[in-house]
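Here the structure is laid out as structure tokens; the discussion comes afterwards.
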Amino acid sequence: MLTEQVKTGQLPPVTQRLPKELLVIPPLERIGKYGGNWRRAFTGAIDEQNSHRLLHDHVIYYDLDGQTLMPHIAKSWEVSDDGRMFTIHLREGMKWSDDHPFTADDFLFEYEDVIVNDQLCPDGVPWLKTGNGDGTM
């Protein structure tokens with residue numbers, strides 16, 4: 001779909017849609033070959049993380065050592081001294097695949113229109129719970 005939009009001039013080529021501050025993740029062994037089949041194991045209905053690993057990018061993620069936090073969508077972050085407030089700095093010029101800017105407003109939409117929407121998330125979201133109830137943005 002996006003290729004067709006580029007061909008008709010509705011969308012700029014992908015090289016013009018890249019952010020100013022690229023995230024480059026070096027390959028472990030070598031750069032892969034595009035195409036082919038990807039075979040994966042799935043342990044069953046309880047393995048919800050299986051699909052989550054494929055369906056979204058992370059603001060911050062763990063490096064392969066499982067201990068080192070790495071920037072992903074974020075370029076950097078700060079945590080308040082009491083550990084209750086996180087400030088995330090996004091990489092400049094990030095865009096969605098349709099060329100619309102990706103900004104802090106996208107996080108606000110997720111929170112205000114999805115997470116605190118009782119019809120969509122009647123129990124809230126576990127990762128935003130605190131000892132005193134739901135966290136806030």
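The values are calculated or read from the model by the stated rules, or taken from the named source; none is laboratory data. Just so we're clear, the structure is a prediction, and the values are computed from it rather than from any experiment. Cβ atoms come from the backbone with ideal geometry, glycine included; neighbour counts cover every protein chain shown.
A few remarks follow.
- The residue list L64, L90 contains one member that is outside the structural domain of G133 (by TED's automatic domain parsing) and without any contact (Cβ under 8 Å) to a residue 24 or more places away in the chain, which is L90.
- Residue list for region 1-32, filter: among the β-branched types (V, I, T) and either surrounded by 10 or more Cβ atoms within 10 Å (Cβ to Cβ) or at pLDDT below 90 (or both): T3, V6, V14, T15, V24, I25, I31
- The condition of being at pLDDT 80 or above and loosely packed, with under 10 Cβ neighbours inside 10 Å holds for only one of G44, G133, G36, G93, that being G36.
- Among the residues making up region 67-84, those that are of a type in the set (V, I, T) and either within 26 Å of V14 (Cα to Cα) or surrounded by 10 or more Cβ atoms within 10 Å (Cβ to Cβ) (or both) are I73, V79.
- Matching option when the condition is surrounded by 10 or more Cβ atoms within 10 Å (Cβ to Cβ), among the hydroxyl-bearing types (S, T, Y) and farther than 23 Å from T130 by Cβ, among T103, T87: T103
- Residue match in region 71-89 (condition: touching a helix residue (DSSP H, G or I) at 6+ places or on another chain (Cβ under 9 Å), basic (K, R) and under 28 Å from L18 (Cβ atoms)): no
- Selection from region 116-135 of residues that are over 23 Å from P71 (Cβ atoms) and in contact (Cβ under 8 Å) with a residue 12 or more places away in the chain: V116, D134
- Conditions (1) modelled with pLDDT under 90; (2) among the small types (G, A, S); (3) over 15 Å from the mean Cα position of the chain (by Cα); number of the one not met by S51: (3)
- Test: residue in region 111-118 that is among the charged types (D, E, K, R), in the same structural domain as K129 (by TED's automatic domain parsing) and surrounded by fewer than 10 Cβ atoms within 10 Å (Cβ to Cβ): yes
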